[in-house]
1. Which one is surrounded by the fewest Cβ atoms within 10 Å (Cβ to Cβ) among residues in the stretch B:44-63 that are touching a Lys or Arg at 6+ places or on another chain (Cβ under 9 Å) and hydrophobic (A, V, I, L, M, F, W, C)?
2. Determine if the stretch B:103-122 includes at least one residue that is facing chain A (nearest Cβ under 7 Å), farther than 30 Å from B:Thr290 by Cα, buried (at least 20 other Cβ atoms within 10 Å of the Cβ) and of a type outside the set (D, E, K, R).
3. Conditions first: (1) surrounded by 17 or more Cβ atoms within 10 Å (Cβ to Cβ); (2) among the small types (Gly, Ala, Ser); (3) in contact (Cβ under 8 Å) with a residue 40 or more places away in the chain; (4) over 13 Å from A:Leu70 (Cα atoms). A:Gly392 passes all but one, so which condition is the exception?
4. So, B:Val399, is that one more than 10 Å from chain A (Cβ to nearest Cβ) and in contact (Cβ under 8 Å) with a residue 24 or more places away in the chain or not?
5. Scan (1) surrounded by 14 or more Cβ atoms within 10 Å (Cβ to Cβ); (2) outside any strand (DSSP E or B) for the single condition C:Leu40 breaks and write down its number.
6. Could you list, in sequence order, the residues of the stretch B:341-375 that are farther than 15 Å from A:Asp39 by Cα, of a type in the set (Val, Ile, Thr) and assigned to a helix (DSSP H, G or I)?
7. Does A:Ala67 count as out of contact with any His (no Cβ under 7 Å at 6 or more places or on another chain), under 30 Å from A:Leu266 (Cβ atoms) and more than 7 Å from chain B (Cβ to nearest Cβ)?
8. Among A:Ser95, A:Ser78, which is the only one that is of a type outside the set (A, V, I, L, M, F, W, C), crowded, with 23+ Cβ neighbours inside 10 Å and either more than 7 Å from chain B (Cβ to nearest Cβ) or in a loop (DSSP other than H, G, I, E, B) (or both)?
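The values are calculated or read from the model by the stated rules, or taken from the named source; none is laboratory data. Because the structure is predicted, anything quoted here is derived from the model rather than measured. Note that we place each Cβ from the backbone using ideal geometry, even for glycine, and neighbour counts take in every protein chain shown.
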Amino acid sequence: MKFLPTSDADREAMLAAIGVSSVDDLFAAIPASVRHVPDLPPPMSEIEVRRFFGALSAKNAHAKDCAFFLGAGLYNHSVSAVADQMLYRAEWLTSYTPYQPEVSQGTLQSIFEFQTHICLLTAMDVANASLYEGASALVEALLMADRLVRGRRRAVLSRGIHPEYRETVRTYFQNLGLEVVEAPLAADGRTDAAALAAVVDDATFAVAVQSPNFRGAIEDWNACSEAARARGALFVGVVAEAASLALLAPPGEAGADIVCGEAQSLGVPMHNGGPLLGFLSCRTAHQRQIPGRLVGQTSDAEGRRAFALTLSTREQHIRREKATSNICTNQGLMALASNIHMSLLGKKGLREVAAQSHAKAEYLKGRIAGVPGYRLPDSAPTFNEFVVEAPGPAAALLSRLARRRILAGVALSRWSREAADENRFLVAVTEMNTRDEMDSLVEALGEAS
Amino acid sequence: MSVGIEDPKPAAAPAAGRLHPEPRHEPLVFERSGAGKVGYSLPPLDVPDVSAIPAGLLRGEIDGETEITEVEVARHFTRLSRLNFSIDENTYPLGSCTMKHNPRLNEEIARLPGFAASHPLAPEEVSSGTLELAWRLEQALKELTGLARVTLQPAAGAQGELAGILMVRAALAKAGNPRTTVLIPDSAHGTNPASAHFAGYKVRELKSNARGTLDLDVLEAAMTSDVAALMLTVPNTLGIFEDRILEIAKIVHAKGGYLYCDGANFNSFVGIARPGAMGIDVMHMNLHKTFSTPHGGGGPGSGPVAVVDSLVPHLPRPTIERREDGTFFLDFDRPESIGRLRTFLGNYGMFVRALAYISSYGNRIGEVARGAVLNANYIRAGLTGVYHLKYDAPSMHEVVFSDKRQAEKGVHNGDIGKRLMDYGFHPPTISFPLIVHGALMIEPTETEGRTGLDAFVAAMRAIAREVEEDPEIVLKAPHTTPVRRVDEVGAARNLILRWRPEGRKGEGGREADSSSGDSGKP
Amino acid sequence: MNPEELHYTQSHEWVRIDGDIGTIGITEHAQKELGEIVYLELPEVGHLYNADDEFGTVESVKAVSELFIPISGEIVQINRAAVAEPGIVNDDPFGDGWLIKLKVTTDDEVRKLMNADQYAEYVLAEEKEK
């Protein structure tokens, strides 16, 4: 077995040193009745593994062999070759959580840089070392708000928040004595600010709004955060398409208390939906309640700059049932990839990616609006994703297009039972899409309906 | 002592040049930035350059973001990487974390475009490969655990724990009473009580007996009809197998409770025995521990949960199902599901690696456990008598010594760990489990050979000798690392959690707030 | 080493009574067990507590410990200097490193606390458990 460096002779010598006659003797504590030899195929060689998984991979349509317009919280942005190749380095790939700072300065400094990038993009003071992904990041943000605003039990969520994020919040809240109230969208696709203000009450500890929202509409952070502030609740800005942060006014400039969401767009491949990259940032005044890992700057015994994990006492290995969260790992490797990506693109590149994505989306919107039978139901400004209404059921249309190697979008019926959504689907555009691809989508829509 | 390892020469010179001949520092990427530099290229815009966003919704320039070339970025991250210790460099005996070799083939496979460039919301008919892979991983994990079904959704072990306890709660609630309490031994991982708490349960801690295992009388007394579950780590965090596991299961089941197994240590018996046969009702696994997905500097994890029949209706949504015609689909129509714990299907890239790993071992996967247990016992034999062993029940995949002898000379576990760095090893896990004061928790894993184990034992012995002869060298360690001992107290007292652009340090006096007794209340 | 005039708890707090004002801190033993203290979370002036209520936390890099109030009363002062520089608690736990002062509600609760000798014995017994 190529992963096991112990020779037969070594094993005999080791057993002798231990003072037993066989490896089986070391398993004496396990009752015989529970022993089992697994019914699995024989070991596969490297060639066979490549062959087997290569065949499974070939069965899937993907962004590299299709015209690709899928989004809904997971986007096909460009990732630099530097970022991915750096992840192969053993020092990044095969190290663990930097508990021992003297031999982990690489990981620690990279996280410190990642925290800084997230602060700059969201216009907040402090960011953590990353969380699992967007939905659980929203949960953590809300639980953090609950700790900060004691004695209230209601979170108000805009219905513009990704439906899977909202479902995740309900899963986590169900036994914690916390409740969720949803605020409706207006006819233009944005959160209805008046309706939002009306459901926020004195029992509300947090108001969360996503922008661009699930339908792609750009929300007015100021109007939404005002609704929270008026009742003493905290405002949580949610961002599921983080590429937008380089172009749109960041939540931190509109008085957000906590910003959270999904940073997959910033340097992480889609990976069929995971691993992704949750993030969370907040104000300095609230930093002691931030969940997850944090890296701080300090110095070593010779006075040189060094980095270390800090505020670890909030975590479960010390606080146990009193921990701020049950999260243990961050998304170390993804945060590294994202740090590299953000560093490479930087001030200009992040903005240019966002601006190109937006301009291309506007082009496609205009073209689709001109296809007979199709319309754009929402009138609010969008960033790079928008809702299209087809003349017939969207799911069937999308399946037909997929067979022509066009992944045209995501049907809203996946999450919505409303009749109005039956014919609707979300289309996402990034800097990866060419005009030719978009033209071919428009042509195919005309033919398919 | 029964070990045939040659005693090391006194105070062998530390392995100089292990990471790099001289300690090095790398500026922050922001400090390497220079106006006008560019590190990317994009195609020219092939559509009209329009913006349909009102000015009030736009931002200005991202003050402080980088301007840097690809060359500088490549060097920056390569240099940073060299400040890290890794498994590929040497033994990484971080107990409970299972730092074993990560097969590179799995990295290659996970990057195949049909996995890495695919999207979980693509129509089912063009996603049959991704669905089949996930379904196959579930079948393999069912076979290895002997349980009815497995959810792959949880993003990490801790989220798996929460999912497992939520399913228990849902099943008990359906039967009429969700109960109030979860029992957890004092040796457990801290995530267990945290997860039980987030599932709405009170935690009652069970004191371990003198052998370091669960005391059946204590369990019997605590196991009332108010108890939803016992969360048990098998083998426990001392590396000791609960040899009375069948009786434990009986006691828990007799009162209608569920036996939850923290499967963090499944690597010590995978392919040898099945948790389902032990009476375990629900168990999470950490793919990075047992199935060697890379730890990546702290994640991503992945925490599948295997369950008995009675918990199947409550699995997170969606499940992955196979039709009679051999096609696959996602089943969202599960009214008794606990719901969703995150977006999409889970950390899919980790599923690919884990199934590739399982495929490489196939029906010989028990070799993983056999190797891990052999190695831990070899280290135990080599260090017994040199370091104190509080609990001497047989070890499985890890062994927990303590600094009790060395502490008499004023040297503690943390110091011993730091000194190990000078010998070219990563320290063991320090100060866990909590029931061993001054713990040194050592887990070599199956991917260490005898030569490496001998070198580690020799280093630990040499350090023990240094403690007797020249404790200062241990107390001031490490001496050869890129930075010397790092001031973690300073990091916590004066929180600096980010870089700020020049001229904006301490903007708005916020930095000052952090040390002025703000209690974190708005 | 434990001052004779103080009263002690099993959770390692001490209280000094001057008229109707009680001053509360943590013991030398507690600060040593925690290691270098990095953060104190203390209540606001005006808060009312019953004996044994949790009134704050003390954090080192390795541990965090809840603080329990030995006797009932209303907080009249907190030690701002210790909050700003928690190391004071390590350096002088029975003096400058005090934590809070409160206006004592009743004086019979103090009688239930340990004196210096009893506390020293208690610590010794706790050590043996390890």
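1. B:Ala52
2. Pass one, the stretch B:103-122, residues facing chain A (nearest Cβ under 7 Å): B:103, B:105, B:107, B:109, B:112-122.
Retained after the next criterion (residues that are farther than 30 Å from B:Thr290 by Cα): B:122.
With the extra rule that they be buried (at least 20 other Cβ atoms within 10 Å of the Cβ), the set shrinks to B:122.
So of that shortlist, the ones also of a type outside the set (D, E, K, R) come out as B:122.
Yes, there is a match, as at least one residue in the stretch B:103-122 is facing chain A (nearest Cβ under 7 Å), farther than 30 Å from B:Thr290 by Cα, buried (at least 20 other Cβ atoms within 10 Å of the Cβ) and of a type outside the set (D, E, K, R).
3. For A:Gly392, the exception is condition (1).
4. Values: more than 10 Å from chain A (Cβ to nearest Cβ): yes; in contact (Cβ under 8 Å) with a residue 24 or more places away in the chain: yes.
Taking the combined requirement at face value, the residue satisfies it.
5. Of (1) surrounded by 14 or more Cβ atoms within 10 Å (Cβ to Cβ); (2) outside any strand (DSSP E or B), only one is false for C:Leu40: (2).
6. Selection gives B:Val352, B:Val368, B:Val373.
7. On the way: out of contact with any His (no Cβ under 7 Å at 6 or more places or on another chain): yes; under 30 Å from A:Leu266 (Cβ atoms): yes; more than 7 Å from chain B (Cβ to nearest Cβ): yes.
Against the criterion (out of contact with any His (no Cβ under 7 Å at 6 or more places or on another chain), under 30 Å from A:Leu266 (Cβ atoms) and more than 7 Å from chain B (Cβ to nearest Cβ)), A:Ala67 qualifies.
8. Values: A:Ser78 fails: crowded, with 23+ Cβ neighbours inside 10 Å.
After applying the criteria, what remains is A:Ser95.
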